[in-house]
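First up is the structure itself, then whatever we jot down about it.
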Amino acid sequence: MAGRTVAIALLLLTVRPSGRLAAQELPLNAGALFLVFPVGAQAVGMGQTAIAASGRSDAAFWNPAGLATLSDDEFALHTATLVAGRSNVLAVYFPSRGIGVIGGAVYLVDYGDLDRTDVNGNTIARIAPRNFEFLASYATNLTGSFVFGINYKLVQFRVDCSGDCRDFPAGTGATHALDLGGQFSVGPGGPLRIGVAVRNIGFRLQVQNQAQADALPTRLAVGALYELRLRPATGRALDQAFDLKLAADVDSPWGQAGQSETRVGFDIGYQRLVRVRAGYAFVQDGLSGPSVGLESGSLGVDLARAFLTGSDLQVESPTFFSFRVSF
């Protein structure tokens, strides 16, 4: 909990109205709290449910097993509006017959630049706090109905300083982590998909000293997604009908104190041409609240809007954007 408190303090410091940091204030260890931020407009639009999601590259940030069902090479860009800047993700994944799906992503959360001032209010330096994640993934089909995925993650927090940086200690730390996940389908044609994932298994992130090292937000998550084909119009085939997806996720801290969190959502649309989504996340860290989303599969564009309640970590109604290209 100490790391979480410090992380919130840093983010609130980042957005003080003056946009300035007093010379006597030192960089804080923000840990890796950004690892709980949602990634991808599809998941956000469905209330941050994605543990049982499949066929999308952003599954890597929720349950890497969902990558195993990718049918085409995919390049994806994901952005979101944070409290003092933006988060950006670039991801590339390649399915290979007989081997599985391999690929990786780069994730940046930029909290913006701050002026550092002296006792007279004069700007003497600029600091830039940022989080990075470098992700390498592998997923494969182990049996006809069970898929498995794993992520290796290099996680970094850094505060760069330019100008008069005397008495400003270095604020850089890095650590390593793994995600493990599985999914299996139930029933003829697999309408029910169940997923399990353990995320952010790794070493503490140390920025200043060992006493201030923060544990990663390791979580165990279980989710389910049920797909229902609606009755097609007269003379139409079943695959030309609208379909409805219902999803629910529950996750809890792994080996740490904390409360369980619940997410629910739905997705309705016609194939991947047009899809409408909505959901609600009953979660902590200021990320709780309803959300809506819209996808145009023909353009590869996904949009979502979350209406967060009591958020200190993000703007009240952040917008999430995803763009995908299959090749």
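Readers should treat all values here as calculations from the given coordinates under stated rules, not as data from a laboratory. Keep in mind the model is a prediction, meaning the values are calculated, not measured. Positions of Cβ are generated from backbone atoms using ideal geometry, with glycine treated the same way; all protein chains shown enter the neighbour counts.
Once you order the gyration tensor axes a ≥ b ≥ c over the Cα atoms, which shape class does region 54-174 get: rounded for a/c under 1.5, otherwise prolate or oblate by comparing a/b with b/c?
Prolate, because a/c is 1.5 or more and a/b exceeds b/c.
Calculate the spin-label point distance for residue 108 paired with residue 132, positioning each point 7 Å from the Cα along the beta-carbon direction, and give it in nanometres.
According to this spin-label approximation, the distance is 1.0 nm.
On a full-extension model of 0.36 nm per residue, what is the gain between residue 319 and residue 230, subtracting their alpha-carbon distance, rounded to one decimal in nm?
Taking residue 319 through residue 230 to full extension adds about 29.0 nm, to one decimal.
Say R0 is 22 Å: what FRET efficiency, to the nearest 0.05, do residue 307 and residue 268 get from their beta-carbon distance?
0.65
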